[in-house]
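Notes follow the structure.
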Amino acid sequence: MKRAPRPALPRIAAAVLVSLVTVVMADGQRDKGWWDFGGGPSASHFADLDQIKKSNVSRLEVAWFYPYATPGFNPIVVDDVMYVAGRNNSLIALDATTGKEIWIHEGLTGMTSRGLNYWQSPDGKNKRLIFAIDGYLQSIDAKSGESVRSFGTNGIVDMREGLRRAEGTDRRVQSRSPGKVWKNLLIMGSASGEGWVTPPGDIRAYDIITGKRAWQFHTVPEPGELGYETWPKDAFKYAGGANNWGEMSVDDERGIVYVPTGSATYDFYGADRHGANLFANCLLALDARTGKRLWHFQTVHHDLWDLDNVSAPQLVTVQHDGHRVDAVAHAGKTGFLYVFNRVTGEPLWPIEERPVPKSDVPGEEAWPTQPFPTRPPPFARQTFTSDDINPWLLTPEEHARMRERVSKARNEGMYTPPALIDTISMPGNQGGSNWGTTGANQKTGIVYVVNVNEVAILKLEDVKTRAGRPGAAGAQAYQQYCQSCHGANLQDVPGGLAPALVDITNRIGEDAIRAAVTGGKGTMRPVSSITESELTAVMAYLANPNQGGGGRASPNLGPLPPGPVVASGGVRPPPRPLVAQPAPTYGGIGGTGGNIPYPADVDAPPVRYVTEYGVMASATRPPYTTLTAYDLNTGTIKWQVPLGDDLATLAAGGPANTGGLGARNGMVVTRAGIVFVAGADRKVRAYDEDNGQVLWTGALPGNSSGIPVSYEAKGRQYVVMSSMPNAGGRRGAAPAVAPDTPRGYIAFALPAGSVSEKH
């Protein structure tokens, strides 16, 4: 394959100053609600409230709960109404003071599961909720709960349009994150998959009223665009990823959107993408009006480790070199916090390009240097040796095997490229900072990061070696099309969203299952994009799932009581034509399964290497998860604490206060100096922003995931967590809980008689 020339890589592109615009309502919480995914345009997870303060937080109690939650969903609260996802794939409007249902729009299977967007006209008469379903944008009237048919084409906007891919090769484009609203624009990223020849992750903006695409930024550049020279010739025809599947932030006054992007595909082998691969693994600053690039910084060149940039860039004002500076700080999977002047893109402290190990894999050309911030210090562990193996969660035999693997693995630091033998990656591809895990107090310059320490062991194999493994194709197709509703272990997902599929082939005939998948049934939408070969593979997997891997089981809540249903199913899109494709060639990797061919005029690599994600969470010694507070006035760590306990470690005789294994949770930061965040031990804690001390601990029925919210309604401040029994659990089921135990969306508040105190 022809090699692309290595360009000179300026760390920062030229800055473009933009004019200030009038702000009608301040960033953060408009009218003391929670109007945005992440709390406000800046996604700081900040509540400008102080009724709950350090002196009374210990008195918090459950004020109400709504029992049907979608795990990981961040509610929206406007005018004392809370909008949540829950029961049977529904969107529900609740009274934010009682949890009582106002309206239900049911049957929205495939809706973005982490949150949605709210917009209202200047006069407040037009209020809309905007979200995506199966790659289509839709809009619902926030007052009535009914679909807005004037949006787009008969109520829908196809997000696949304009993605520069042939029909049938662009099936996966929808992220589980909702994007960001700025003025009358909805700015969207995508989840394009992580396999070979996936769609590019272009950043796009849509008019909220009409649904028309307003602008599009090519993250894989075309000829004549900046960054084209950092790829092989014509890479835009097949190279994918470089997408925003997590969060983004907006400087509301300046009209700048800060977009973190992920790796180019395929994630772990880049023989078809020689070069630095702009704008993958970047922090992009774009003009929110036009999509024009203002500046960028690439945190990883030619990523071979799946070190996506995912979490929300945090916008803070700090004292730096004797001046007040508006800054942006981004926490990466790398474990580094990258800090810039958010207007010019200049680093507040030097970021050095340092030599890193070379690749020895045929066809691969790892980039010779990577960026290392000199300040602030990293928040994650970045090395792993035999001394870092977990002494509590492995059996003696497992511990011995792990020591042997580590001793024989290639292990030359965090940027050791994947090899044909075991390769240590620390932080691993599931470690560091991820979606929902950052927050800030913008005025004080304090940034908070939840970090997961999880090593990954990567080993590249020829894709043909994996092709014949039993169940691989079916497991992957099930994961892509079915798992979000039916669960990783065929046992439903929390909230009673869809029926369990355990032993389904023994209970229902194959023809009936195929008809339900291709034609829909009840509230289930047709899976129009599944190919015949993929459906056949899914049927084989359903008959024998143990051959294809598994995942976490979740409870089935059974039949749900009736409610105020106002609509069902949203706007059903027209069926997409099926495109004949060969069967997937490997499993366990996201995206299209490796079966999409290169364009005919592309000089493709002769071999496709792939690897499992290789996450070894239980093999990593504590602390498993930490909460770090950075003072960006000085570029130092103010404090760092483990995030709760790990129940399995305690059961094995290990210590307390290790942080929970895999506790990748969001937070709420308040004006009162309190940080609320849940652990993986079925508890939520309130931390003192000054020193990290625990001020209060509340019980949850299971683990929590996603971003909590805090708001004030009718003079009372609430903190709402999402938690279902055994949600996010692992290594067996959680203890049974009583039917009347608070679950779902749980609202904590001070006792009703005490909220009149001055604050």
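The values are calculated or read from the model by the stated rules, or taken from the named source; none is laboratory data. What you see is a predicted model, and the numbers here were worked out from it, not measured in a lab. Note: ideal-geometry Cβ built from the backbone for every residue, glycine included; neighbour counts use all protein chains shown.
Can you work out which of the residues in segment 274-318 that are among the aromatic types (Phe, Trp, Tyr) and under 21 Å from the mean Cα position of the chain (by Cα) is surrounded by the most Cβ atoms within 10 Å (Cβ to Cβ)?
Of segment 274-318, the ones among the aromatic types (Phe, Trp, Tyr) are 279, 295, 297, 305.
Then drop every residue that is not under 21 Å from the mean Cα position of the chain (by Cα), which leaves 279, 297, 305.
On the way: Phe279: 29, Phe297: 23, Trp305: 25.
Only one residue tops the list, namely Phe279.
Mind checking which residues of segment 718-759 are modelled with pLDDT of 65 or more, assigned to a loop (DSSP other than H, G, I, E, B) and either surrounded by 14 or more Cβ atoms within 10 Å (Cβ to Cβ) or under 28 Å from the mean Cα position of the chain (by Cα) (or both)? It would help to see each step written out before you state the result.
Start the filter on segment 718-759 by keeping residues that are modelled with pLDDT of 65 or more, which leaves 718-725, 737-755.
The next check asks that each one be assigned to a loop (DSSP other than H, G, I, E, B); those that pass are 724-725, 737-743, 750-751, 755.
Of everything in segment 718-759, those that are modelled with pLDDT of 65 or more, assigned to a loop (DSSP other than H, G, I, E, B) and either surrounded by 14 or more Cβ atoms within 10 Å (Cβ to Cβ) or under 28 Å from the mean Cα position of the chain (by Cα) (or both) turn out to be Met724, Pro725, Val737, Thr741, Pro742, Arg743, Leu750, Val755.
Go through segment 329-344 and give me each residue that's surrounded by fewer than 24 Cβ atoms within 10 Å (Cβ to Cβ) and either touching a Leu at 6+ places or on another chain (Cβ under 9 Å) or free of Cβ contacts under 8 Å to residues at least 60 places away in the same chain (or both). Give the steps one after another, and end with the answer.
Step one: of segment 329-344, the residues surrounded by fewer than 24 Cβ atoms within 10 Å (Cβ to Cβ) are 335, 338, 341, 343-344.
Passing the criteria: Tyr338, Asn341, Val343, Thr344.
Might you check whether a residue that is in contact (Cβ under 8 Å) with a residue 60 or more places away in the chain and touching a strand residue (DSSP E or B) at 6+ places or on another chain (Cβ under 8 Å) occurs anywhere in segment 601-608?
yes
Yes/no matrix, rows are residues, columns are (1) in contact with an Asp or Glu (Cβ under 8 Å, 6 or more places away or on another chain); (2) at positive phi; (3) free of Cβ contacts under 8 Å to residues at least 40 places away in the same chain:
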site	(1), (2), (3)
Thr628	no, no, no
Asp631	no, no, no
Lys638	yes, no, no
Pro642	no, no, yes
Asp646	yes, no, yes
Gly654	yes, no, no
Thr670	yes, no, no
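Give the residue that is farthest from Ala419 (Cα to Cα), with candidates limited to residues of segment 626-639 that are surrounded by fewer than 24 Cβ atoms within 10 Å (Cβ to Cβ) and more than 23 Å from the chain's Cα centre (by Cα).
Out of the qualifying residues, it is Asn633.
Taking Val566, is it at pLDDT 55 or above, surrounded by fewer than 17 Cβ atoms within 10 Å (Cβ to Cβ) and touching a His at 6+ places or on another chain (Cβ under 7 Å)?
Numbers: at pLDDT 55 or above: yes; surrounded by fewer than 17 Cβ atoms within 10 Å (Cβ to Cβ): yes; touching a His at 6+ places or on another chain (Cβ under 7 Å): yes.
Yes.
Could you say which residue among Tyr269, Tyr258 is touching a residue at least 40 places away in the same chain (Cβ under 8 Å), within 18 Å of Gly193 (Cα to Cα) and buried (at least 24 other Cβ atoms within 10 Å of the Cβ)? Steps first, answer last, please.
Working: Tyr258 fails: within 18 Å of Gly193 (Cα to Cα).
Of the residues listed, the single one that is touching a residue at least 40 places away in the same chain (Cβ under 8 Å), within 18 Å of Gly193 (Cα to Cα) and buried (at least 24 other Cβ atoms within 10 Å of the Cβ) is Tyr269.
State all residues of segment 604-633 that are more than 19 Å from Gln382 (Cβ to Cβ) and either assigned to a loop (DSSP other than H, G, I, E, B) or in contact with a Leu (Cβ under 6 Å, 6 or more places away or on another chain) (or both); if no residue qualifies, say none. Don't jump to the end; show me each part of the working.
Kept after step one, since they are more than 19 Å from Gln382 (Cβ to Cβ), are these residues of segment 604-633: 604-612, 618, 629, 631-633.
Across segment 604-633, the qualifying residues are Ala604, Pro605, Pro606, Val607, Arg608, Tyr609, Thr611, Glu612, Ser618, Leu632, Asn633.
With the requirement that a residue be within 21 Å of Lys183 (Cα to Cα) and either among the aliphatic types (A, V, I, L, M) or more than 16 Å from the chain's Cα centre (by Cα) (or both), what does segment 99-125 give you?
Leu116, Tyr118, Trp119, Gln120, Ser121, Pro122, Asp123, Gly124, Lys125
State the number of residues belonging to segment 700-721 that are out of contact with any strand residue (DSSP E or B) (no Cβ under 6 Å at 6 or more places or on another chain) and aliphatic (A, V, I, L, M).
2
Restricting segment 180-213 to residues that are in a loop (DSSP other than H, G, I, E, B) and in contact with a Leu (Cβ under 6 Å, 6 or more places away or on another chain), which is surrounded by the fewest Cβ atoms within 10 Å (Cβ to Cβ)? Working first, answer last.
Here is the first cut: in segment 180-213, the ones in a loop (DSSP other than H, G, I, E, B) are 183-184, 189-199, 201-202, 208-212.
Within this subset, residues satisfying the condition of being in contact with a Leu (Cβ under 6 Å, 6 or more places away or on another chain) are 199, 208.
Working: Pro199: 28, Ile208: 24.
Looking at residues that are in a loop (DSSP other than H, G, I, E, B) and in contact with a Leu (Cβ under 6 Å, 6 or more places away or on another chain), I get Ile208.
Tell me the residue from Arg381, Arg405 that is part of a helix (DSSP H, G or I) and touching a residue at least 40 places away in the same chain (Cβ under 8 Å), please.
On the way: Arg381 fails: part of a helix (DSSP H, G or I).
Going through Arg381, Arg405 in turn, just one is part of a helix (DSSP H, G or I) and touching a residue at least 40 places away in the same chain (Cβ under 8 Å): Arg405.
With the requirement that a residue be touching a Pro at 6+ places or on another chain (Cβ under 9 Å) and among the small types (Gly, Ala, Ser), what does segment 317-342 give you? I'd like the intermediate steps shown before the answer.
Residues of segment 317-342 that are touching a Pro at 6+ places or on another chain (Cβ under 9 Å), as a first pass: 328-342.
Across segment 317-342, the qualifying residues are Ala329, Ala331, Gly332, Gly335.
May I ask you to list the residues in segment 362-412 that are among the small types (Gly, Ala, Ser) and surrounded by 14 or more Cβ atoms within 10 Å (Cβ to Cβ)?
Initially, segment 362-412 is screened for residues among the small types (Gly, Ala, Ser), giving 363, 366, 380, 386, 400, 407, 409.
Result: Gly363, Ala366, Ala380, Ala409.
If I ask for residues that are at pLDDT 95 or above, within 25 Å of Gly659 (Cβ to Cβ) and charged (D, E, K, R), which ones from segment 354-400 would you list?
Passing the criteria: Arg375, Arg381, Asp387, Asp388.
Restricting attention to segment 429-486, which residues are of a type in the set (Gly, Ala, Ser) and modelled with pLDDT of 75 or more?
The initial filter retains those residues of segment 429-486 that are of a type in the set (Gly, Ala, Ser), namely 431-433, 436, 439-440, 445, 456, 467-468, 471-475, 477, 484.
Within segment 429-486, Gly431, Gly432, Ser433, Gly436, Gly439, Ala440, Gly445, Ala456 qualify.
When both residues are 6+ apart or on different chains and their Cβ atoms are under 6 Å apart, which pairs have a first residue that lies in segment 447-466 and is over 16 Å from Leu304 (Cα atoms) and buried (at least 24 other Cβ atoms within 10 Å of the Cβ), and a second that is at pLDDT 95 or above and among the basic types (Lys, Arg)?
Listed pairs, sorted by first residue: Asn453/Arg381.
For segment 225-253, name all the residues that are surrounded by fewer than 20 Cβ atoms within 10 Å (Cβ to Cβ) and closer than 17 Å to Leu294 by Cα.
If the condition is that a residue be surrounded by fewer than 20 Cβ atoms within 10 Å (Cβ to Cβ) and closer than 17 Å to Leu294 by Cα, then Glu225, Leu226, Glu253 are the ones that fit.
Would a scan of segment 611-625 turn up a residue that is surrounded by 20 or more Cβ atoms within 10 Å (Cβ to Cβ) and acidic (Asp, Glu)?
No: segment 611-625 contains no residue that is surrounded by 20 or more Cβ atoms within 10 Å (Cβ to Cβ) and acidic (Asp, Glu).
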